[in-house]
Amino acid sequence: MAINSEFLSTSQEIINIQVVIDTDAITTDYPNPSQDPATPTGLPHKYMYMVATRGSTITGSGGADLNIRADVGDSIRWYAVSEYGNFDSAVVIYKLAWYAQDVVFDGETFNVYNRIGILPTNGTALPVGFSDQNFWFNHANVIRTGTEQYNVQFALYVRKRGVANPVLFGYYYWDPTVTVQS
C-alpha cells in the first residue's frame, strides 16, 4: 500500500531564505552610505540574490525579488552573507520592515543561537571537528497570503588593514516583494 506523502509533513514548515549581498559592487558604487541605521541608503535590486528552500519558490530565485509558496503559520528565516561568506566584507540584516501592499508577515525578530557546529581540522576537510559557534537569522511568521513589499535593512562591515575587528562601512536597504500563495 502506497503512503500519500502529502500527509507525512507537519502542517507548518520553516522556509529558509539565503540572501547573498555583493559587497564589493556596493562599496564601489555607493561609497558614502548612511551611518544612521534609521535612515539607510537605498539600493537597486542588482546587488542582492535570494534563494529559498523546500521547493517553496514560485519565481525570482537568484534575484532580489522572491515569490514563495507558504501556508499561514509557516515560519520564514532570512540568512544574509556577503559574497565572501562574511570572511572579508560582512553583512547583517538588522530589520525587515513592511512598506506597501498586504501585511503577510508578523513582526520580525532577530535570533542568535549558540550550538555545536562543524569545521575542518588539521588542514583537511575530513574528518570534521566540532566547536561552539553562533548562528543567526531574522525570523517572521506567515500570518496571511498576499503580496508584501518590505525593506530589508542591513549593515555592511569591511576589514581594514591593521585593524583587528571589521569596521562599519554603512547602512543600506532594498525593497523586495514577496508573494505568499497557499
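The values are calculated or read from the model by the stated rules, or taken from the named source; none is laboratory data. Just so you know, these numbers come straight off a predicted model, no measurement behind them. Cβ placement follows ideal geometry from the backbone for every residue including glycine, while neighbour counts extend to all protein chains displayed. The protein model used for the area step is the full one, side chains on, heavy atoms only, and it has no ligands, DNA or RNA in it. Shrake-Rupley method; radii C 1.70, N 1.55, O 1.52, S 1.80 Å.
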Going residue by residue through the stretch 134-139, the Karplus relation 6.51 cos²θ - 1.76 cosθ + 1.60 with θ = phi - 60° gives ³J(HN,Hα) values, rounded to whole Hz and with x marking Gly or Pro, of 9, 10, 9, 6, 9, 9
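Work out how much length residue 149 to residue 133 would gain on full extension: take 0.36 nm times their residue separation and subtract the Cα-Cα distance, in nm to one decimal.
Values: separation 16, 0.36 × 16 = 5.76 nm, distance 3.30 nm.
Between residue 149 and residue 133, full extension yields 2.5 nm more.
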Compute the distance from the alpha-carbon center of the stretch 130-182 to that of the stretch 18-37, in whole Å.
12
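Given a 1.4 angstrom probe, what's the average accessible area per residue across the chain, in square angstrom?
On the way: 10260 Å² over 182 residues.
For the chain, the per-residue accessible area is 56 Å².
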Once you put a point 7 Å from the Cα of residue 58 and another 7 Å from the Cα of residue 71, both along the Cβ direction, what distance in nm separates them?
1.7
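Could you look at the chain and say what percent of its accessible area is carbon and sulfur, using a 1.4 Å probe and all protein chains?
C and S fraction of accessible area: 54 percent.
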Given the options 114, 58, 141, identify the residue whose Cα lies farthest towards the positive end of the charge dipole of the stretch 32-182 (+1 on Cβ of Lys, Arg; -1 on Cβ of Asp, Glu).
114
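Given 0.36 nm per residue, what is the gain on full extension from residue 163 to residue 18 after removing their alpha carbon distance, in nm?
The span from residue 163 to residue 18 would gain 49.3 nm if fully extended.
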Taking amide hydrogens as modeled 1.01 Å from N in the peptide plane, which residues meet the under 5 Å criterion relative to residue 53, leaving out close sequence neighbours?
16
List, in order, the whole-Hz ³J(HN,Hα) value for each residue of the stretch 55-69 obtained from phi through the Karplus relation with A = 6.51, B = -1.76, C = 1.60 and θ = phi - 60°; use x for Gly and Pro.
x, 8, 6, 8, 8, x, 4, x, x, 8, 10, 10, 9, 10, 9
Nearest 500 deg cm²/dmol is fine: what mean residue ellipticity at 222 nm does the chain get from its DSSP H runs of n ≥ 4 alone, each adding -39,500 (n - 2.57), divided by its residue count?
-1000 deg cm²/dmol
HN-Hα couplings for the stretch 12-27 via Karplus (6.51, -1.76, 1.60; θ = phi - 60°), in whole Hz with x for Gly/Pro, come out as 10, 10, 9, 10, 9, 10, 8, 10, 10, 10, 7, 5, 4, 5, 5, 5
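Sort largest first and round to whole Å: the equivalent ellipsoid semi-axes of the chain, each the square root of five times a Cα gyration tensor eigenvalue. Let's see the in-between values first.
Numbers: eigenvalues 174, 119, 38 Å².
The three semi-axes for the chain are 30, 24, 14 Å.
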Under a 5 Å amide H to amide H cut-off, with H placed in plane at 1.01 Å, what residues pair with residue 82 once short-range neighbours are removed?
21, 91
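So if I place +1 on the C-beta of Lys and Arg and -1 on the C-beta of Asp and Glu, and nothing else carries charge, what would the dipole magnitude of the chain be about its Cα centre? I want it in debye, nearest 20. Could the numbers behind the result be given before it?
Values: 10 positive and 17 negative charges, 89 e Å.
Here the chain has a charge dipole of around 420 debye.
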Which residues among the stretch 139-156 fall inside the zone where the amide N is under 18 Å from a point 7 Å beyond the Cα of residue 98, along Cα→Cβ?
139-153
